[in-house]
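Note sheet for the following structure.
Every number here is computed from the coordinates shown, using simple stated rules; none is lab data. In this text the structure is predicted, and so the values were computed from the model without any measurement. Ideal geometry is used to build each Cβ from the backbone, glycine not excepted, and the neighbour counts take in all protein chains shown.
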Amino acid sequence: MVELLVHVPRGIILPESVLLSDWFAVLASFVAINTVLYLVLGLVKLLPVIRFKSGRGRERRSETRNIDPEASA
């Protein structure tokens with residue numbers, strides 16, 4: 001099996017001293033946590049709504065809302 005080792009140099013956009021600084025590590029951590037948070041919120045929004053059975057279902061209304069008030073519910 002052929003192994004490909006690619007050396008990616010640091011500091012293409014920013015100097016290596018900036019990439020290894022403490023404030024940059026804090027910023028990168030904040031961005032990572034924020035990304036995971038929004039990913040979880042997006043996935044939760046895709047899931048169906050969980051409704052806990054209250055046991056009252058159709059019996060919540062005191063009167064029918066049918067066009068024909070004499071019809072059974």
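Placing R0 at 25 angstrom, the Cβ-Cβ distance between SER21 and LEU46 gives a FRET efficiency of 0.10 after rounding to 0.05.
Couplings 3J(HN,Hα) for the range 35-42, derived from phi with the Karplus relation 6.51 cos²θ - 1.76 cosθ + 1.60 (θ = phi - 60°), are 5, 5, 4, 5, 5, 5, 4, x Hz, where x marks Gly and Pro.
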